[in-house]
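Please read the structure below before turning to the comments.
The values are calculated or read from the model by the stated rules, or taken from the named source; none is laboratory data. Owing to the predicted nature of the structure, the values given are computational and were not obtained by experimental measurement. Ideal geometry is used to build each Cβ from the backbone, glycine not excepted, and the neighbour counts take in all protein chains shown.
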Amino acid sequence: MDPQKLKDNFALVAVNGADVAEYFYADLFAREPQLRSMFPAGMTRQHELLLGALSQIVSTVDDEDELVPFLRDLGRRHHGFGVVAEHYAPVGASLIATLAYFSGPAWTEDLEHDWTAAYGLVAKVMSEAAAELVS
């Protein structure tokens with residue numbers, strides 16, 4: 001996983017602002033309609049939270065000392081919203097689909113591999129932190 005490639009790609013994607021979050025949630029709810037009830041009717045604030053979290057994760061992807069505590073806290077908070085381990089796979093699929101869509105021709109197999117690996121680590125840390133709350 002190449003942190004700089006992730007940062008560069010996210011910079012390309014992030015210029016699309018709220019459209020990124022809208023696409024992500026549309027994809028997620030198409031994949032898993034039952035997840036829609038976990039979110040507020042008005043999604044503007046949720047879009048901001050998603051983009052903020054992604055920005056924080058990407059900006060610290062190469063700084064484990066800052067990234068891991070952030071992810072652990074995020075995992076614990078998501079647990080409080082009812083997120084369970086099974087939710088991470090469709091979220092990851094929607095994230096990859098969103099990144100691919102907004103990357104356009106810049107999207108490559110290598111980039112998909114790097115993002116998939118990065119999301120796998122994010123999901124692992126978050127779900128492990130959540131699991132500690134129930135054990």
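Taking the stated definitions as given, is residue 95 touching a Ser or Thr at 6+ places or on another chain (Cβ under 6 Å) and of a type outside the set (Lys, Arg)? No: the conditions fail for residue 95. Of the helices (runs of 4 or more DSSP H) lying entirely inside region 30-135, those containing at least 2 residues that are closer than 19 Å to residue 7 by Cβ and of a type in the set (Asp, Glu) are 64-80, 109-134.
Each row is one residue, and each column tells you yes or no for (1) small (Gly, Ala, Ser); (2) farther than 17 Å from residue 21 by Cα.
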residue	(1), (2)
69	no, yes
77	no, yes
83	no, yes
91	no, no
94	yes, no
101	no, no
104	yes, no
107	no, yes
114	no, yes
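To keep it simple, each residue is scored yes or no on (1) charged (D, E, K, R); (2) within 21 Å of residue 68 (Cβ to Cβ); (3) modelled with pLDDT of 95 or more.
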{"site": "79", "(1), (2), (3)": "no, yes, no"}
{"site": "93", "(1), (2), (3)": "no, no, yes"}
{"site": "101", "(1), (2), (3)": "no, no, yes"}
{"site": "128", "(1), (2), (3)": "yes, yes, no"}
{"site": "135", "(1), (2), (3)": "no, yes, no"}
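Does region 110-117 include one or more residues that are under 17 Å from residue 50 (Cβ atoms), buried (at least 19 other Cβ atoms within 10 Å of the Cβ) and at pLDDT below 95? Checking region 110-117: not a single residue is under 17 Å from residue 50 (Cβ atoms), buried (at least 19 other Cβ atoms within 10 Å of the Cβ) and at pLDDT below 95.
Which of the residues that make up region 66-84 are in contact with a helix residue (DSSP H, G or I) (Cβ under 7 Å, 6 or more places away or on another chain) and loosely packed, with under 13 Cβ neighbours inside 10 Å? Once the filter is applied, which keeps residues that are in contact with a helix residue (DSSP H, G or I) (Cβ under 7 Å, 6 or more places away or on another chain) and loosely packed, with under 13 Cβ neighbours inside 10 Å, region 66-84 yields 81, 82. Applying the set (1) buried (at least 16 other Cβ atoms within 10 Å of the Cβ); (2) modelled with pLDDT of 95 or more to residue 7 leaves exactly one unmet item: (1).
Filtering 93, 14 for residues that are in contact (Cβ under 8 Å) with a residue 24 or more places away in the chain and either more than 14 Å from the chain's Cα centre (by Cα) or farther than 26 Å from residue 128 by Cβ (or both) leaves a single hit, 14. Does region 91-105 contain any residue that is over 21 Å from residue 32 (Cβ atoms) and surrounded by 13 or more Cβ atoms within 10 Å (Cβ to Cβ)? Within region 91-105, one or more residues are over 21 Å from residue 32 (Cβ atoms) and surrounded by 13 or more Cβ atoms within 10 Å (Cβ to Cβ). Looking across region 10-56 at every residue that is within 22 Å of residue 112 (Cβ to Cβ) and hydroxyl-bearing (Ser, Thr, Tyr), the one that is surrounded by the fewest Cβ atoms within 10 Å (Cβ to Cβ) is identified as 55.
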